[in-house]
């Protein structure tokens, strides 16, 4: 057996060996020519991965929440009106965060497993005076995916800044930031972007940077203040060293490597691969008789699945058995139904081997738990998806 | 996708990350206390893995052929009679090698896909005067496995030294060297023992060491001469440094780590896992309508499979497509039927993920090649084996 | 030659291979048992390294500035009076940061190369009503070291919370947080603590935590708010998983390894080694006729040196030549005299080899630049220090 | 302190991090396109490093002794006359080895610390009928270096094949195989070639290959027989896969990397660096009053030093103390004077830091042992050499 288990949670994920190898290399000076180039490369490649050629990328030591904080604290002044569109746990966090900075938050919560209807969002925007709206592309707690293109279009129609929490989607789900008119797309390194945790990442539109430049009050959060970091990002992208705080050199080197791998695959191929694997998971889960939180395929994420336990099977039992079979899955996260469902991350370097191994481990574990279904149904259903829609794996 | 492909050939195999990490550590002195201990540990653990508590282990920089050479050149003197029992390519090599050292070789070649019948071996041994017999546990060219226990018993009955070429079997197939009375069991590091290529390994019985000690002529091969290396192995096992040639420090450190992983799993669990995965492969290949070289299950290796291409599918096409799907397989090796079959290595760290991914890639590729069979049949058959006979994967 | 140059700047420094190896290992789940244990170990070991057994440790993804921000934003409410004691660049930053959170800052700036006299600090504290004082242990811009024990005692005498910016000192200079009564000691990973950049670290006294608990207003910085992170730190230390943001798994594993190495050396031995190497540098620089910013030995850091260029030698020329000779040094950082001096980091894993190599490279480069002094004087002076005060290097 | 000690023995040496990183990478198939290219690159670069553009390179899993065996067993037939020129331990080994293959060996032993005079060699060659002569470039046991150019010329004059044992010299001492007319130059990976132990390397002249092709008897050693390996080396160099034994994939990848580093430095620069560091060692040892085995500079190796212990200092004491100071040195190897001297390896990646750290550790240890000499004299003498003859360290 492989002595290490397969990590199939919605982040951290299985990282490419080359990314880990870059991470473990001897650290160079943060002002050494090779690092300046790597930092610059990473910034430039982010704009390609985000489809935001004229955006301003930021790479910060921190978590995804720092990315949310940075977007929120820089764009909001006390009293600004914000519309928070929520499909789970992380919408609530964004509301909580924005309140801290003095925003007047209106909170639109979707039904469990569904998205907030577009007309409900538009109705709210019509009421006017919103400065900003935030929405979660894929909520890690529910596997529900919203359609950023339509929401971005609405935001533009009503001249509201839009912030997409792409923590569980960037580099896995299709995003075309600039074309879709989204002002901030933020993420964390340990998800589909494929780098161990520790980096907060975002690209900001020119429009949003201009709104920030015209603030009347200082940014409430010193560490997050773009005024500290914008000159650094600009300097590194221009090939010059600069200093505010020491960048996380090794993580940035790892990010450069991962972005190279992402772009070498090609964004469209990468989106297609995520779609294919997600479909294999969906079909396999269905074939084994498991239901999922997202109410239909249109609102199902490509990056993770959130199936309910079948009758008679408890989470403690199933996840422990799956772990024994060599695969690590995550339990539920949404407080009200935490014990009713589990989560499978399938993003980043996800491939045929990971997919089938995970389904196989779930299948064996369900059987052992006494749950009855057709022998081999899960992997067979997945394989039929793969047979019909093969992708090219590339070195 | 994982940027690296899955290496499913019969050696080198996929190695454990911890083994690779041990390999890449800074080299210590070959006479440093930590290395003396690691070398001693490796020697001691080899005796456990080989089930040969009173055997003499050797760890040498070299290939599997060096291990064959060392056993042959130390145990044979000019004019000695040797019986070579062959199930493929590597039996022929052993004959070739022994002739070089002046042996009189009798060569028993099995029918393709079968083993040499025991009574035929016994008939030959009865003719008498044999000093040594050699046999290949699993011939890497045919996936045929012989039964070492019976042949070992025959060798003992006729008081003939026995040399088991375990290159493709040690730590994958069951071997109980001492209980089964086999005098030399040799292998190479890059197979089921789980260490990158570069080490020749063997354990020699007391009886064989005594025969060697009573040689009348010097060993023809200077480098292989046990007289050079025996004091070194004894010194390191006793915790003392010693020098004849500089040991391959990093590979020995990696070997120590791999033997630790092997013993932590447990030999019986390891044999069972290899059996289980081999059965999953066999059932999957059968379900897809593919025939294999070994004529029945009793002579089928647990460490590799050797299926024929189905009608209408050529090797160049299939292996290239499987490679595109992310898995590397090996072509045929036996000259006379080289283009008719391929080989899948499934040994060492082989697990559920590797097994299903490989079968899935073969399935997709056969479909793309136009070969018709039930959709999903391969992975389903494999999964049914796994459902019925699950093993515990351990960290 | 070694293909990699010696990194002798005041952070990032040369890291132990075992720390880099821990960093590059496959990432585990942030709620996996092994990670929970590692995170807990790191928190517990921090308290040993900080000499703060009853303190509350925090490990955060971020830079040293985040650590400064977290201490400041959690302990300050709008209108609080803070005394900032500055010996260089980073004192100014702390003032800037505290102003953002509404503090009324009094700024005591030392003369260049000297510390602020204790009686001047006491005079200021007597004026009363200070809630907090901050001071920089070693200012990275000047190599000036203050005496934290005396300042800690003053803070206690006047019942003022004290925050020590130990970014360039923790694990290099002697600090006994609890004995000396300092409320917060903060640092960043990439300095003497020996871990690649990306972690902000601090230990907070019970007293300071209590002050925080009694805040009347919410913490202005959402990301930094201890309310988010305290339960996480407590859970991991107690052996339970918990989630607010995904911890920087690999950096935390590397931190655990580095803290193990630090404690295996022993804190007193570690302080003594830093003292010895610093003395070797001071004597070598003196022997070559170079003056340094710190006005005397008592205010000289053990972790870095800041010598002036000798007459006729410019920075661009010297640092480029030293770089050619294989050693990377840092230029000046203090804006007003940036071009007049350079900086040598000598902390963390600093040893005899690094010390002599650096001095040798400076010596050769000065000679090549035409600066005249006794041949070999630098390394000889350093060696005389080492001869007189050897330390034990341990594996 | 660095937790790892500096390894300053005459092999294994300190290896470049990039070489270790290449070694620890996931193993690829021995017939994968990337490995075929790497193997081919290594073979081609060997010819550049050896200065033998029309030579035939061999890369084998094994030790330096295998390289000696391969050259000896392939070029010698029973009854051939061989002249062995010896400057220490390894000359004796070659004689021993050649006798095994039936050579008639004449053994010329140099005085301790000196080389065999050229006229004595010529006198012997005049006696005629020699097929082969062997000589050790640098004997690892004595640090004595012979002049291969003159001996190569003599061999050509008398039409005798010449085999240079370059185990302790290739890539450290100047060798121009083809220009100097030497037929075999052999080495092991773990010395100046800079790769962890496990590879035997050699380049063979066309003339020697032709002599081998015209053998009348088979090569006595099966494993070493060029007939097995020549087609493999030719195939890989031509970009085709081929199989006799599985090559040591990871070590070959590490060799490719190390040869790249060697050629990037440039052979002349590399020779000059070795000369410079050796001179620094010699001057330092002299300044501390230590004598060395080689009787003068002309016969002193650039790759290692072999100083006698001064009066009153024993080896056990000094080497243990130096080890405590963080540096690992080797004791004597020549049986008759084993306890009288020690050995310092300074080859491969040897740089300023290693050199000064080693001298410094010896100096401190001698002082502690009570040996009296001018304080700082060793490092000062070394630095004066470096000041006068600086080299450029390159990334």
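FYI, it's all coordinate maths here, none of it is from the lab. Because the structure is predicted, anything quoted here is derived from the model rather than measured. Don't worry about glycine lacking a Cβ; one is built from the backbone with ideal geometry, like all the others, and counts go over all protein chains shown.
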- Task: Put one equal scatterer on each alpha carbon of the stretch D:268-382, apply the Debye formula with no solvent term, and list log10 I(q)/I(0) at q = 0.14, 0.17, 0.23 1/Å to two decimals.
- Result: -0.52, -0.77, -1.46
- Note on the structure: When A:151, A:262 are arranged by how many other beta-carbons sit within 10 Å of their Cβ, fewest first, they go A:262, A:151
- Item | C-alpha center-to-center spacing [the stretch D:277-327, the stretch D:160-225] in angstrom | 30 Å
- Task: Report relative contact order for chain A in percent, whole number only (criteria: Cα-Cα under 8 Å, sequence separation at least 6).
- Result: 24 percent
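Restricting the count to DSSP beta bridges whose residues both fall in the protein assembly as shown, what percent are antiparallel, rounded to a multiple of 5?
Roughly 50 percent of the DSSP beta bridges within the protein assembly as shown come out antiparallel.
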- Task: With springs connecting C-alpha atoms under 10 Å apart, model chain D as a Gaussian network and identify which of D:132, D:285, D:112 has the largest mean-square fluctuation.
- Result: D:112
- Task: Highest first, please rank the peptides B:348-355, C:305-312 by the mean number of other Cβ atoms sitting within 10 Å of their residues.
- Result: B:348-355, C:305-312
- Mind checking the angle between helix C:315-324 and chain C's longest principal axis? C-alpha axes, 0 to 90 degrees, to the nearest 10. 80 degrees
- Query: Between residue D:320 and residue D:291, how many nm apart are label points set 7 Å from Cα along the C-beta direction?
  - Reply: 2.7 nm
- Query: In a solvent-free Debye calculation with one equal scatterer on each Cα, what is log10 I(q)/I(0) for the stretch A:174-222 at q = 0.23, 0.24, 0.25 Å⁻¹, listed in the order of the q values?
  - Reply: -0.93, -0.95, -0.97
- Note on the structure: The FRET efficiency for residue B:126 and residue D:243, from their Cβ-Cβ distance with R0 = 30 Å and rounded to 0.05, is 0.20
- Of C:302, C:110, C:278, the one that fluctuates the most in a GNM where chain C has Cα springs shorter than 10 Å: C:110
- Message: For chain C, take the longest principal axis of its alpha carbons; what is the angle in degrees between that and the long axis of helix C:377-388, to the nearest 10 within 0 to 90?
- Response: 60 degrees
- Set the Förster radius R0 to 22 Å, insert the Cβ-Cβ distance between residue C:234 and residue C:37 as r into 1/(1 + (r/R0)^6), and round the FRET efficiency to 0.05. 0.90
- Can you tell me what the convex hull of the Cα atoms of the stretch A:81-180 projects to on average, as an area in nm²? 5.8 nm²
- Across every pair of different alpha-carbon atoms, what Kirkwood hydrodynamic radius in Å does the protein assembly as shown reach? 35.2 Å
- Return the percentage of antiparallel bridges among DSSP beta bridges fully within the stretch D:139-225, rounded to the nearest 5 %. 60 percent
- Antiparallel %, DSSP beta bridges [both residues in the stretch C:1-159], to 5: 15 percent
- For the stretch A:208-266, treating each Cα as an identical point scatterer without solvent, what Debye log10 I(q)/I(0) comes out at q = 0.13, 0.23, 0.29 1/Å? -0.51, -1.02, -1.16
- Give the nm distances, rounded to one decimal, from residue A:107 to the matching residue in every other copy, measuring between label points 7 Å along Cα toward the beta carbon; shortest first. 4.1, 8.2, 9.1
- Message: I want to check the label-to-label distance for residue D:179 and residue B:96. Put each point 7 Å from Cα in the C-beta direction and report it in nm to one decimal.
- Response: 4.1 nm
- Task: Divide by every residue of the protein assembly as shown the summed helix terms, -39500 (n - 2.57) for each DSSP H run of at least 4, and state the resulting mean residue ellipticity at 222 nm, rounded to the nearest 500 deg cm²/dmol.
- Result: -13000 deg cm²/dmol
- Per the Cα gyration tensor, the stretch A:32-134 corresponds to an equivalent ellipsoid with semi-axes, largest first in Å, of 31, 16, 14
- Query: When a footprinting reagent is the concern and you count Cβ atoms within 10 Å, what order do A:385, A:249, B:138 take, fewest first?
  - Reply: A:385, A:249, B:138
- Task: With springs connecting C-alpha atoms under 10 Å apart, model chain C as a Gaussian network and identify which of C:282, C:270, C:78 has the largest mean-square fluctuation.
- Result: C:78
- Item | R0 of 30 Å, Cβ-Cβ distance residue D:340-residue B:54: FRET efficiency to nearest 0.05 | 0.15
- Please give, to one decimal in nm, the separation of the simple spin-label points placed at residue D:107 and residue B:156, each 7 Å out from Cα toward the Cβ. 4.5 nm
- For the rotation that brings chain A onto chain D, whose beta-carbon in chain A is nearest the axis, and what is that distance in whole angstrom? A:21, 3
- Note on the structure: Taking the alpha-carbon centre of each part, the distance from the stretch C:370-387 to the stretch B:12-74 in Å is 48 Å
- Angle in degrees between helix C:249-265 and the longest Cα principal axis of chain C, rounded to the nearest 10: 60 degrees
- Cβ-vector label at 7 Å, residue D:123, separations to other copies in nm: 7.0, 9.3, 11.4
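Given a cut-off of 27 Å, what percent of all Cα-Cα pairs of the stretch B:17-265 lie beyond it?
On the way: 9823 of 30876 pairs.
Of the Cα pairs, 32 percent sit more than 27 Å apart.
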- Task: Distances from residue D:313 to the same position in the other copies: list them in nm, one decimal, shortest first, using label points 7 Å from Cα along Cα→Cβ.
- Result: 3.1, 7.2, 7.2
